[in-house]
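No value in this document is a laboratory result; all are computed from the given coordinates. Only a predicted model underlies this, so the values are computations on that prediction, with no experimental measurement involved. All Cβ positions, even for glycine, are placed from backbone atoms using ideal geometry, and neighbour counts span all protein chains on display.
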Amino acid sequence: METQLTQDEKKTLLRLARQALETGVRGDTPVPARFSELSPALQANGATFVTLTRRGELRGCIGTLEAHQPLARDVQEHAVAAALNDYRFPQVTPGELDEIEIEVSRLTPPQPLHYTSIEDLLAKLRPGIDGVTLRDKSGRRATFLPQVWQQLPDKEQFLSHLCQKMGASPDAWRSANLAVETYQVEEFHE
């Protein structure tokens, strides 16, 4: 990762995410952020995922793997999208806002993971460290953040669930020649 964010930068991103979440869910007009007043790290392009939980349960998670806009704006957009556009969940309601907790994951650029066999792939995966993206020949793609290793610590189960998320059979990773990328995250939460 480039450089780690400072505690103040993390607090600023969480505050911006909270403001965007609340205005988005309430349907209010967002207050424009004064990006020129933010640190250079928050103005630089960054890729993030924003995860929302309620009482410890996943309530929404949306993000991007490629940095294409300022880090602060990326966090704001994904906070709203996680609340309103995650197809796996109903939209977050205003009544839930006090119970929603926000987690931000800032991603390093994905790197190809070259492997020669299933055994080699399994040997190269680093549970708890690497986020993993799979892509098949038809262009379908899915990713799990490194935090998912906490629920799926077994490498084979992890890959099987990731294949299902991609819309492939759970054992596609065993036979298909999938493109695999890994990345790391700097994670922080409220």
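Shown here for segment 7-113: chymotrypsin sites (Phe, Trp or Tyr not before Pro) in loop regions (DSSP other than H, G, I, E, B) with at most 15 other Cβ atoms within 10 Å, namely TYR87. Placing unit charges on the Cβ atoms of the charged side chains and taking the dipole of the chain about its Cα centre, the candidate lying farthest along the positive direction among GLY167, GLY131, THR6 is GLY167. Given a cut-off of under 8 Å on Cα pairs at least six residues apart, what relative contact order in percent is computed for the chain? After rounding, I find 22 percent. Fully extending the segment from ARG140 to GLN164 would add 7.5 nm, taking 0.36 nm per residue of separation and subtracting the current Cα-Cα distance. So how far apart, in nm, are the two label points at ASP171 and ASN45 if each is 7 Å from Cα heading toward Cβ? A separation of 4.2 nm, rounded to one decimal place. Inter-label distance, HIS114 to THR3: 3.3 nm, where each label sits 7 Å from its Cα along the C-beta direction. Within the same chain, lysines fewer than 8 places from LYS155 are excluded, and of the rest, those with a Cα less than 21 Å from its Cα are LYS124, LYS165.
With bins 5 Å wide beginning at 0, the percent of Cα pairs of segment 111-184 falling in each bin runs 3, 18, 33, 30, 15, 2.
Going from the residue with the fewest nearby Cβ atoms within 10 Å to the one with the most, THR93, THR133, THR53, THR29 rank THR29, THR93, THR53, THR133.
When restricted to Cα atoms, segment 7-107 yields an Rg and a Dmax of 12.7, 36 Å, respectively. Using alpha carbons only, the radius of gyration of the chain set against its Kirkwood radius gives Rg/Rh = 0.99. In a fully extended conformation the segment linking THR29 and ASP98 would gain 22.9 nm over its present Cα-Cα distance, using 0.36 nm per residue.
For the residues GLY24, GLY131, GLY56, a GNM of the chain with alpha-carbon springs under 10 Å puts the largest fluctuation on GLY56. Gain on full extension, evaluated as 0.36 nm per residue between GLN150 and ARG88 minus their Cα-Cα distance, stands at 20.3 nm. Placing +1 on the Cβ of every Lys and Arg and -1 on the Cβ of every Asp and Glu, with nothing else charged, gives the chain a dipole about its Cα centre of roughly 360 debye.
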